[in-house]
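Only one structure is covered here, and it is reproduced in the block below.
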Amino acid sequence: MSTPGRIFLGGNRPTLGIEFELELVKHIQNMERACFGLTTLDIRKLAFQFAELSKIQHKFNKDSKMAGNDWLRGFLARHPIMSLRSPQGTSIGRAVGFNRPKVNQFFTAYKEVLANHRLSASDIWNMDESGITNVAKPCKVLCTKGKRQVSKVTSAERGSTVNVVCHEC
């Protein structure tokens, strides 16, 4: 497959074509937004499956049914907007509950409590819960470079917790 206006030295052309790779980048970004980031193994398996279904000649490993690490390195080099990051584990409940209407509902209730009880800043305490979790830490996923927070859905945010109240005298 030739790409007009593009010179490839040494015969190293993208195996799957730039159109597929751009679609793959879009798919990775969509999965990232849905908190279901794709690992490098997922990407390599997708590349192999696409090559097989599209009957594209490839040198991917037919035993492991995955594209190689060299293909992945080339893919990441051709698409510098992608990077490999460690996501923060997020329970399904938190992922579903953290949206604009729920946040607006919280701040509306918060403002109402402040107004009704005439609370000052010294009456508000910063409290947090910390604990030890028995939920597996999610492995690294591909995501868009520069993204501040990367999440991946886990089974739950379980574990023993300890309440901590911080007060400055």
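The values are calculated or read from the model by the stated rules, or taken from the named source; none is laboratory data. Note that this is a predicted model, so its numbers are computed, not measured. Here the Cβ is made from the backbone with ideal geometry for all residues, glycine too, and neighbour counts use every protein chain on show.
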Number of the condition not met by Met82 [criteria: (1) more than 20 Å from Glu19 (Cβ to Cβ); (2) within 25 Å of the chain's Cα centre (by Cα); (3) surrounded by 12 or more Cβ atoms within 10 Å (Cβ to Cβ)]: (1)
Output for Cβ contacts, cut-off 7 Å, separation at least six or different chains, first residue farther than 14 Å from Thr40 by Cβ in the range 53-70, second among the charged types (D, E, K, R), reads Lys65/Lys45
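Against the definition (farther than 30 Å from Arg94 by Cα and aliphatic (A, V, I, L, M)), how does Leu72 come out, yes or no?
Values: farther than 30 Å from Arg94 by Cα: yes; aliphatic (A, V, I, L, M): yes.
Spelling it out, Leu72 is indeed farther than 30 Å from Arg94 by Cα and aliphatic (A, V, I, L, M).
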How many of the residues in the range 50-65 are surrounded by 12 or more Cβ atoms within 10 Å (Cβ to Cβ) and farther than 13 Å from Thr15 by Cβ? 2
Any helices (runs of 4 or more DSSP H) falling wholly within the range 34-147 and containing at least 2 residues that are at pLDDT 90 or above: 40-53, 69-78, 100-117
